[in-house]
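Bear in mind that the values in this text are calculations on the coordinates, not laboratory data. Everything quoted here is computed from the prediction, not taken from an experiment. Cβ: placed from backbone, ideal geometry, glycine included. Neighbour counts: every protein chain shown.
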Amino acid sequence: MKQLSLAFAIVLLVGSASGADWPTILGPTRDGISPEKGIITPWPKTGLKKLWECPLGIGFAPPVVVGGKLFHFDRFENKARATCREAASGKELWKFEYPTAYEDRYGYDPGPRACAMVDGDRVYLYGAEGMLVCLKAEDGKEIWRLDVSTKYHVHQNFFGVGSVPVVDGDLLIVAVGGSAKGPRPVDFRDVKPNGTGFVAFDKKTGAVKYEVGDELASYASPTIATIDGKKTALYFGRSAITGFDPQTGKQLFRHPWRAKIEESVNAANPVVIGDKILLSECYGPGSVLLEVKDGKVKEVWSDAEKDRIDKSLLCHWNTPIVVDGYAYGSSGRHTEDAELRCIELKTGDVKWTKRRTTRSTLLLVDGHLVSLSEYGLLSLIKVNPEKYEEVSKYEVAELEYPCWAPPVLSNGIMYIRGKGKLLALELIPQKK
């Protein structure tokens, strides 16, 4: 067994070194950008070659891929389930389950919102009900678990828990959003935080290392970047973006950004460009570009005072992608008003708009954007700030609404999912 564990660890390390793994939400850098090259372009008129497919349970989480293994988190009846498959063939290798009774307040499928996250030889799960679980990547055996929502008295957010944890060294940093004791207020704006906005656990044992932050949870995921010369953990919470030292929890800065209406969420991850941070949401203020200098935050430009029709970018749950000074994203709260946009990062000026695209998620690879619409339209778009330049598109017949999980790319294979099904497509020709 020790020899097998060592071999598995070596495979993981080799995969990580190649830059082809996709171990967490939006890939290795949590920004939807793949380092791979050599994509098929244009696509065949019949679409990309399907390598395999498999049925899924309910939920909205994308898969992750590390060391030739694909890990997925979903739900079957009253059990949350993690599965491990061969990434190239779809063959199931193991599965892990735990009971869940989560019910969505708005009637959406009660499966996981957050994808699995792989770190070395361990897999971490964070269920919609707030269960945090650590598994062995090799065989799916449980190492530790913690009912985070119960421990920290987390009032159920609109759609349950949806943030993917992040690792820094030996710490697993989790967006918790604990609240003051007492019943859940009728108006969620009246929920009071209890100082456990972010909790760091020993990633190996689950022991608590620090608890900080008067912030409630959102649907964005924490990320780590160097900003203003400091390694910084960033979290776009319910009310604000907070920057803090990932090893100590010490707050470095905080900037409020949220809609005033009760039924609103922040869900797109912050995008870091040097010492600047792009935030986007769709319920109220829209987007803002922040600059962090000497521990202070300045707004470079802001949508807050603009009329809704004049706002630069209103991303819902999809994280915009920044390339060479321009940001590309799906703008719009609802299916019928959503459109793809390109904006100039330094000014917020809209460069082009592609209307009636429905809500979409994006992947950047090899000078192109891959767009997956919520109804299963797959498009290949050349990165071009001057105009919308579509190379190929086709309806993926096997997919059903809602296709809300972003595309995943690892070793040339693109994985996309809709309701109840996962597909593996050949985006980069496979070596014979």
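Annotations for the structure displayed:
- Dipole moment magnitude, nearest 20 debye, the chain about Cα centre, only Lys, Arg, Asp, Glu C-beta charged: 460 debye
- One quarter of the convex hull surface built on the alpha carbon atoms of region 269-403 amounts to 8.2 nm², the projected area averaged over directions.
- Projecting the Cα atoms of 96, 28, 234 onto the dipole axis of the chain, where Lys and Arg carry +1 and Asp and Glu carry -1 at the beta carbon, places 96 farthest toward the positive end.
- Evaluated at q = 0.14, 0.20 Å⁻¹, a Debye calculation over the C-alpha positions of region 104-155 (equal weights, vacuum) places log10 I(q)/I(0) at -0.42, -0.75.
- Amide H contacts under 5 Å for residue 216: 238, 239, restricted to partners 5 or more places along the chain or on a different chain, H placed in the peptide plane at 1.01 Å from N.
- Calculated P(r) tail over 18 Å for region 63-198, as whole % of Cα pairs: 56 percent
- When the chain is described by a simple charge dipole with +1 on each Lys and Arg Cβ and -1 on each Asp and Glu Cβ, the residue from 39, 195, 340 located farthest towards its positive end is 39.
- Percentage relative contact order, the chain, counting C-alpha pairs under 8 Å, at least six apart: 13 percent
- Prolate/oblate/rounded label for the chain (Cα gyration tensor, a/c 1.5): rounded
- Only helical runs count toward this figure. For the chain, summing -39,500 (n - 2.57) over DSSP H runs of n ≥ 4 and dividing by all residues gives -1500 deg cm²/dmol at 222 nm.
- Amide H within-cut-off set for residue 155, under 5 Å, with H built and near neighbours excluded: 179
- Region 397-404 - phi-based ³J(HN,Hα) in whole Hz, Karplus 6.51/-1.76/1.60, Gly and Pro as x: 4, 6, 8, 10, 4, x, 9, 9
- Separation of the alpha carbons by more than 24 angstrom is noted, of 209/296; 181/230; 203/421; 250/293; 203/293; 181/298, for 209/296; 181/230; 203/421; 203/293; 181/298.
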